């Protein structure tokens, strides 16, 4: 951990859950994640301006969870938000956190940059296929998400689960829970390709009914394939735009496309993305990587960046500073690149 900096709490806001964790270590190489919890996000906190009042409820939930686990708020807090989070939402979140009186310094970071750093990249294009949608963003210098390289596509884990739930209801005549639909989705989900895994011979419903793979497997795959097909041109366009802004991450001529998020684990997803990106002029130079630690990358990257003194000096906001120049903390979301990160 950087000298003089206390370990912060990291809160990661998403469409499905709000997660918090605490990093502690003698130095950054030994960083650990402890006391991590998942919390309801009270109606997609980061998606809709109608949910501005939900921020304080999220803080209450986190405080209650920390109390139960015997932990206390740290004076420094880092909040990780998706690139699609509006500036109005960023200001509202910052206002509620700093007005709570529990936090001395607040750092707001874009999820794409945190995922990139957590996976070990300083510059790349992030394709984050999560529960609430698929975000594409260019990350430069481990910190900056260029505004004109961000995109939100409608390929979402929650929607896929809902489609499978309707499919199961159609087959069985009875509704199923989201948990059952998600389990079925994970059992059969995959894209075509040479490394396609063997699917289960059958799937057992909670009531004991058994569906054969011929009943359900191919239909689940059709749902997932159809959902991706409906947005793949949009994703390709987003990657192309991001590539125009993000240079190669090393001395070679390859540019990294980082595939992360829960839906990135669908078998053959990297092959499907590579096939879609083959139409790009520089497709031969792309290097697609799927993160093996997709669920933790946001945390790991946020911990690392929070422990960097440059971020503390340049971007962390106190209550007084927020009241004086409240827009400074959203620099990373405006497309402007502070000189410190070039």
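Quick check on residue 218: is it in the same structural domain as residue 162 (by TED's automatic domain parsing) and either more than 15 Å from residue 121 (Cβ to Cβ) or under 20 Å from the mean Cα position of the chain (by Cα) (or both)? Please lay out each step first, then the result.
Working: in the same structural domain as residue 162 (by TED's automatic domain parsing): yes; either more than 15 Å from residue 121 (Cβ to Cβ) or under 20 Å from the mean Cα position of the chain (by Cα) (or both): yes.
When the stated conditions are applied, residue 218 passes them.
Highlighted here are the strands (runs of 3 or more DSSP E) found entirely within region 172-271 that include at least 2 residues which are under 25 Å from residue 297 (Cβ atoms): 255-260. Just so you know, in region 128-137 the residues that are modelled with pLDDT under 85 and touching a helix residue (DSSP H, G or I) at 6+ places or on another chain (Cβ under 7 Å) include one that is surrounded by the fewest Cβ atoms within 10 Å (Cβ to Cβ), and it is 131.
Can you confirm whether region 102-113 contains a residue that is over 27 Å from residue 320 (Cα atoms) and at pLDDT 80 or above? Yes, some residue in region 102-113 is over 27 Å from residue 320 (Cα atoms) and at pLDDT 80 or above.
Farther than 24 Å from residue 178 by Cα and within 21 Å of the chain's Cα centre (by Cα): does that describe residue 260? Steps first, answer last, please.
Values: farther than 24 Å from residue 178 by Cα: no; within 21 Å of the chain's Cα centre (by Cα): yes.
So residue 260 does not fit the description; no.
Please find, within region 272-304, the residue that is modelled with the lowest pLDDT out of those that are over 20 Å from the mean Cα position of the chain (by Cα) and part of a loop (DSSP other than H, G, I, E, B). The residue in question is 282.
Within region 306-342, no residue satisfies the criterion of being closer than 20 Å to residue 121 by Cβ and modelled with pLDDT of 80 or more. Yes or no: residue 181 touching a helix residue (DSSP H, G or I) at 6+ places or on another chain (Cβ under 6 Å) and surrounded by 15 or more Cβ atoms within 10 Å (Cβ to Cβ)? Judged against the criteria, residue 181 is a match.
Which condition breaks for residue 144 when tested against (1) modelled with pLDDT under 75; (2) more than 21 Å from residue 322 (Cα to Cα); (3) surrounded by 22 or more Cβ atoms within 10 Å (Cβ to Cβ)? Among (1) modelled with pLDDT under 75; (2) more than 21 Å from residue 322 (Cα to Cα); (3) surrounded by 22 or more Cβ atoms within 10 Å (Cβ to Cβ), the lone unmet condition for residue 144 is (2).
Among all residues of region 188-202, there is at least one that is at pLDDT 90 or above, over 23 Å from the mean Cα position of the chain (by Cα) and crowded, with 19+ Cβ neighbours inside 10 Å.
Within region 244-261, take every residue that is modelled with pLDDT under 75 and touching a strand residue (DSSP E or B) at 6+ places or on another chain (Cβ under 6 Å) and give me the one that is surrounded by the most Cβ atoms within 10 Å (Cβ to Cβ). Among those residues, the one meeting the criterion is 249. Criterion applied to 77, 90 was being in contact with a strand residue (DSSP E or B) (Cβ under 9 Å, 6 or more places away or on another chain), assigned to a helix (DSSP H, G or I), more than 28 Å from residue 228 (Cα to Cα) and modelled with pLDDT under 85, and the one residue passing it is 90.
The values are calculated or read from the model by the stated rules, or taken from the named source; none is laboratory data. Worth saying up front: this structure is predicted, and the values here are computed from it rather than measured. Glycine also receives a Cβ, built like all others from the backbone with ideal geometry; neighbour counts cover every protein chain displayed.
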